[in-house]
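Worksheet: one structure, shown below.
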Ligand code: ZN
């Protein structure tokens, strides 16, 4: 009893000493470091492609407390890269499966799940209980939100991002002298200019590499060992098998971490990012749903323009008959190809890029432009069920 009492005071019992043996023999970790990991905590935003390897490695390494924010359920299309989940888990909540999996991996780890989307209403409350934030969501609204909250609460934000065959990782920690995400990118891109992971695709191994880099940075920070990626952006090109590094500088005029910050609490990220699938920002009369569109397109005598602003490879997968195809990135230079006398219905995959295209056209004097809500994805679901979906 006395022994176990002593061990408890030390923070590691005999089963933990065995489990972490390969850590304990490293002078940079040792018992002291392992206790730091055990008393450490990481908030994981998202338990997907990046969150899967990060959560598993953090748990295996003995980080004592993991928070996971993820409202999603496991879908078949997740399994190509999200290693927390198995085929049998399709339809279950990610939180339930992740908690179970981590519990099997290391019962010494305490997992707290948050079945909600990380947003301005809950971000500060959730983040305050953790030492650092690991952003595994890869969307702009959450990227800016987690950056800002981490700056407000003076905790490191471990950033990871993936797209197709490339990924990047950094640590944003202005309180330790480095820059924040806004020092590099003060404002988010225009809605729809950046295709989402679902639209652009991602090679399955890539999130494993970037998520593991994020876990490594988290562990180094908790151990207080090594050189973190604060002030550096590490870029990985999978196709060329090349890592490159970019220096990042703090912006003294940064709106959130600068000398006179103008952003001191979470702002409305969805509205300025537009990329979260929310339709709330668009006035109803500028949109049309797919069933109404199908009716109009088949009406006698009505000749609208159906504009498809997706990339050529997407058009190759599926397209609506009779559409004019101009990728969003070319629209500014090619809108003269479109008739100003016709109603224009513009669509993309899910409605985000096409909303941007509609704005661009209205700004160039096209008077009647309507965004097809839900894009070709909704069309395939509701109008043309034989159409390929991606
Ligand atoms: Zn900054």
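The numbers here are math on the coordinates, done by the rules we state, and not lab data. Small disclaimer: the values here were computed from a predicted structure and weren't measured. No Cβ is skipped: glycine too gets one built from the backbone with ideal geometry, and neighbour counts run over all protein chains shown.
Comparing 374, 231, 11 in a Gaussian network model of the chain, where Cα atoms under 10 Å apart are tied by springs, the biggest mean-square fluctuation is seen for 11.
Shown here: the chain, whose C-alpha atoms stretch 90, 51, 41 Å along the first, second and third principal axes, sorted largest to smallest. Label positions at residue 185 and residue 116, each projected 7 Å from the Cα along the C-beta direction, are separated by 2.6 nm. Going from the residue with the fewest nearby Cβ atoms within 10 Å to the one with the most, 66, 307 rank 307, 66.
Per-residue packing, averaged as other Cβ atoms within 10 Å, sorts the ranges 20-29, 124-133 into the order 124-133, 20-29, beginning with the highest. Principal semi-axes of the equivalent ellipsoid, √(5λ) from the alpha carbon gyration tensor of the stretch 313-366, are 18, 12, 11 Å from largest down.
Taking the alpha-carbon centroid of each part, what is the distance from the stretch 115-134 to the stretch 289-353 in angstrom? The stretch 115-134 and the stretch 289-353 have Cα centres separated by 39 Å. Among rounded, prolate and oblate, which fits the stretch 84-123 when a ≥ b ≥ c are the square roots of the eigenvalues of its C-alpha gyration tensor, a/c under 1.5 means rounded, and a/b larger than b/c means prolate? In terms of gyration-tensor shape, oblate. Most simply put, the chain has about 40% antiparallel DSSP beta bridges, counting only bridges with both residues inside it.
Considering all different alpha carbon pairs of the stretch 76-199, the Kirkwood hydrodynamic radius works out to 16.3 Å. The overall shape of the stretch 26-71 is prolate: from the C-alpha gyration tensor, with semi-axes ordered a ≥ b ≥ c, the ratio a/c is 1.5 or greater and a/b exceeds b/c.
Percent of alpha carbon pairs in the stretch 1-137 separated by more than 20 Å? So the portion of pairs separated by more than 20 Å is 49 percent.
Rounded to the nearest 0.05, the FRET efficiency derived from the C-beta distance between residue 292 and residue 390 at R0 = 25 Å is 0.55.
Scattering from the C-alpha atoms of the stretch 285-390 alone, worked out with Debye: what is log10 I(q)/I(0) at q = 0.10, 0.14 1/Å? Results for the stretch 285-390 at q = 0.10, 0.14 Å⁻¹ read -0.24, -0.47. Maximal additional length on extending the residue 129-residue 332 stretch stands at 68.4 nm, based on 0.36 nm per residue less the C-alpha distance.
Order the peptides 117-123, 211-217 from the highest to the lowest mean number of other Cβ atoms within 10 Å of their residues.
Top of the packing list down: 211-217, 117-123.
With the highest mean first, a sort of the peptides 51-62, 171-182 on other beta-carbon atoms found within 10 angstrom per residue produces 51-62, 171-182.
Helical runs (DSSP H, four residues minimum) scored at -39500 (n - 2.57) apiece and divided by the length of the chain put the mean residue ellipticity at 222 nm at -10000 deg cm²/dmol.
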